[in-house]
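The values are calculated or read from the model by the stated rules, or taken from the named source; none is laboratory data. Not measured: the values here are computed from a predicted model. Virtual Cβ from ideal backbone geometry, glycine too; neighbours counted across all protein chains shown.
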Amino acid sequence: MAGNGKLVAEQRRYRVRTVSDAKSITTAWLETVGLAQAVTLGLPEVDDRYHIWRVPLRRRRNERVGELVIDAYTTEIIEDKSTRADLIEARLLRKPEETAQGKKTTREASRRSTMRNTIGFGDCRELLDDTPVGGVDLIFTSPPYFNARPEYSEYEAYEQYLDFMRQVIRRGHRALADGRFFVMNTAPVLLRRTHRNEASRRIAVPFDLHRIFIEEGFDFIDDIIWVKPEGAGWATGRGRRFAADRNPLQYKAVPVTEYVLVYRKRTDRLIDWHIRNHHDPRLVESSKIKDDYERTNIWRIQPATNSPHPAAFPRDLAEKVISYYSFKDDVVLDPFAGSGTTGAAAARLERRFALFEINPEYIELMRASVDQWLGKEADNVLWIGCQPPAPAMTLL
C-alpha cells in the first residue's frame with residue numbers, strides 16, 4: 001500500500017493493477033496454449049522493482065510447474081522470463097528420463113549454434129539485433145569506461161552511459177542461449193576535479209550495472225576480483241596526497257582491482273541440465289578444467305602490456321572466463337571487441353567467436369591478426385560491414 005492510501009500499482013499507473021487482472025491475463029494465455037484445464041494459479045505477486053507481475057502455475061495437486069511473468073505497464077507476457085509452454089506440459093506429464101523397464105526415453109538436447117566465427121564493424125546494438133536469438137553461448141566483454149568529460153567520451157551524462165549499457169545488456173539477453181552466462185569486466189571510474197576548489201569523484205559503475213543486469217532478466221552468480229600489481233594503481237594519482245602528508249581524512253586507497261561480474265540468463269533449468277543434455281557429450285568431456293584452476297574469487301593477473309588498445313584486458317583473463325563458462329565449440333561474443341583479445345582467446349581454446357567493434361582502427365588490427373588465431377580457418381570468418389583480409393599470395 002502506498003503512503004497516500006493507493007495501491008503501488010495504482011500509484012505507478014500500471015495497467016495490470018490487481019490480482020484479478022493478473023489472473024485474467026494468465027488464464028487467457030493458458031487457454032491459448034491449451035493448458036487451461038490442467039493448470040491452477042497460485043497467488044500473483046507484483047514486483048514493483050521491475051514493474052512486473054509473477055503468477056505461479058501449479059498442477060492440480062498444488063505442485064509448482066512454472067511461472068508466468070507479465071509486464072505491469074503493457075499487460076504483455078514477457079516470454080523470455082516466463083516458463084515455456086512445452087516445459088510446463090512436460091512437467092504436467094511427468095516425462096521421466098527412464099521408463100519403468102529401464103529403457104531410456106528420448107530426451108531434449110541443447111542445440112548447437114549455427115553461427116560461425118564473425119567479426120562485425122558498427123554499433124554493437126545494431127549487430128546484436130541481427131544476431132540469431134539464442135545463438136550465443138557466452139558473452140564476455142569489457143565495456144568502454146565512462147568519463148564525464150566530453151573530450152574523452154561521447155556520453156555527456158552518466159545516465160546516458162547507463163542507458164546505453166542497458167540497451168546492450170538487453171540485446172545480449174536476447175542473443176544469449178537459455179541459462180548461459182554474461183560476464184563483464186568493469187571498475188569504478190575516477191572523475192578528476194576540473195579546478196582546485198572542486199573535489200574529484202569516484203563513480204561506482206559496477207554497482208549500477210549490477211542493478212541493470214537484474215532488471216533485464218539475469219541472475220547474479222559471482223563477483224570475481226581481478227587484482228593487479230600494486231604499482232598499477234598509482235597512475236590514477238589517487239593516494240599521492242595522503243602519501244605525502246599522512247593527514248587523517250585525506251586517505252584514499254590506490255585502486256589495483258577490477259570486477260569480473262558473472263551473471264546467468266534467468267531460466268528454470270539447472271546448470272546440470274546443460275551438462276547432461278549437451279548435444280555432444282565428447283565436447284563436455286574434453287572441456288573439463290585441469291587442476292590449476294582459480295579456487296577463490298581473487299584472481300591475480302598481470303595487466304596487458306604493449307597493446308595497441310589503451311585499455312586492453314589480458315588474454316589470460318579472457319581465457320580463464322572462457323574456460324570456466326563455456327564448452328569447446330561454443331560461440332563466445334564480445335560486443336566491445338577492441339583489438340580482439342576475446343577472439344584470440346576463444347580460438348586458442350577451440351571456441352567460435354563473434355566480435356563487434358565500432359572503431360575502424362581496431363577492425364584493422366583484427367583483420368591483421370585473425371590468421372594468427374585461426375590459420376587457414378581464417379578464410380571462413382564472416383565479416384559484417386567490412387571487407388575481409390586480402391587472400392595471401394601463393395608462389396607458383
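Could you tell me which of the residues GLY338, GLY343 is assigned to a loop (DSSP other than H, G, I, E, B), in contact (Cβ under 8 Å) with a residue 12 or more places away in the chain and small (Gly, Ala, Ser)? It would help to see each step written out before you state the result.
Numbers: GLY343 fails: assigned to a loop (DSSP other than H, G, I, E, B).
Criteria check complete, one pass: GLY338.
Which of the residues belonging to the range 1-50 are exposed (fewer than 11 other Cβ atoms within 10 Å of the Cβ) and at pLDDT 85 or above? So that I can check it myself, show each step before the final result.
So in the range 1-50, the residues exposed (fewer than 11 other Cβ atoms within 10 Å of the Cβ) come out as 1, 3-5, 13, 20, 34, 37, 43, 49.
Scanning the range 1-50 gives SER20, GLY34, GLN37, LEU43.
On the given criteria, is LYS81 surrounded by fewer than 18 Cβ atoms within 10 Å (Cβ to Cβ), modelled with pLDDT under 90 and among the basic types (Lys, Arg)? Walk me through how you get there before you give the answer.
On the way: surrounded by fewer than 18 Cβ atoms within 10 Å (Cβ to Cβ): no; modelled with pLDDT under 90: yes; among the basic types (Lys, Arg): yes.
The answer is no for LYS81.
Go through the range 9-58 and give me each residue that's small (Gly, Ala, Ser) and either closer than 15 Å to ILE77 by Cβ or not in a loop (DSSP other than H, G, I, E, B) (or both). Explain how you work it out, then say what you get.
Within the range 9-58, the subset small (Gly, Ala, Ser) is 9, 20, 22, 24, 28, 34, 36, 38, 42.
Once the filter is applied, which keeps residues that are small (Gly, Ala, Ser) and either closer than 15 Å to ILE77 by Cβ or not in a loop (DSSP other than H, G, I, E, B) (or both), the range 9-58 yields ALA9, SER20, ALA22, SER24, ALA28, ALA36.
How many of the residues making up the range 51-89 are under 22 Å from the mean Cα position of the chain (by Cα) and within 15 Å of ARG269 (Cβ to Cβ)?
Total satisfying the criteria: 5.
Can you tell me which residues in the range 353-373 are closer than 20 Å to ARG125 by Cα and either touching a Lys or Arg at 6+ places or on another chain (Cβ under 7 Å) or among the small types (Gly, Ala, Ser) (or both)?
ALA354
Taking the condition at pLDDT 70 or above, outside any helix (DSSP H, G or I) and hydrophobic (A, V, I, L, M, F, W, C), does ILE139 pass? Walk me through it before giving the result.
Values: at pLDDT 70 or above: yes; outside any helix (DSSP H, G or I): yes; hydrophobic (A, V, I, L, M, F, W, C): yes.
Spelling it out, ILE139 is indeed at pLDDT 70 or above, outside any helix (DSSP H, G or I) and hydrophobic (A, V, I, L, M, F, W, C).
Could you tell me whether TYR293 is modelled with pLDDT of 90 or more and surrounded by 14 or more Cβ atoms within 10 Å (Cβ to Cβ)? Working first, answer last.
On the way: modelled with pLDDT of 90 or more: yes; surrounded by 14 or more Cβ atoms within 10 Å (Cβ to Cβ): no.
So TYR293 does not fit the description; no.
So, in the range 337-396, of the ones that are surrounded by 15 or more Cβ atoms within 10 Å (Cβ to Cβ) and among the basic types (Lys, Arg), which residue ends up modelled with the lowest pLDDT?
Top of the filtered list is ARG367.
Residues in the range 114-128 that are crowded, with 18+ Cβ neighbours inside 10 Å and either in contact with a helix residue (DSSP H, G or I) (Cβ under 8 Å, 6 or more places away or on another chain) or not in a strand (DSSP E or B) (or both): how many? Quick ask: steps written out before the conclusion?
Taking the range 114-128 and keeping what is crowded, with 18+ Cβ neighbours inside 10 Å, we get 115, 117-121, 124, 127-128.
Still in the running and either in contact with a helix residue (DSSP H, G or I) (Cβ under 8 Å, 6 or more places away or on another chain) or not in a strand (DSSP E or B) (or both): 115, 117, 119-121, 124, 127-128.
The qualifying residues number 8.
So is ALA390 assigned by TED's automatic domain parsing to the domain that holds VAL321, free of Cβ contacts under 8 Å to residues at least 24 places away in the same chain, over 21 Å from THR131 (Cα atoms) and out of contact with any Lys or Arg (no Cβ under 8 Å at 6 or more places or on another chain) or not?
Numbers: assigned by TED's automatic domain parsing to the domain that holds VAL321: no; free of Cβ contacts under 8 Å to residues at least 24 places away in the same chain: yes; over 21 Å from THR131 (Cα atoms): yes; out of contact with any Lys or Arg (no Cβ under 8 Å at 6 or more places or on another chain): yes.
Against the criterion (assigned by TED's automatic domain parsing to the domain that holds VAL321, free of Cβ contacts under 8 Å to residues at least 24 places away in the same chain, over 21 Å from THR131 (Cα atoms) and out of contact with any Lys or Arg (no Cβ under 8 Å at 6 or more places or on another chain)), ALA390 does not qualify.
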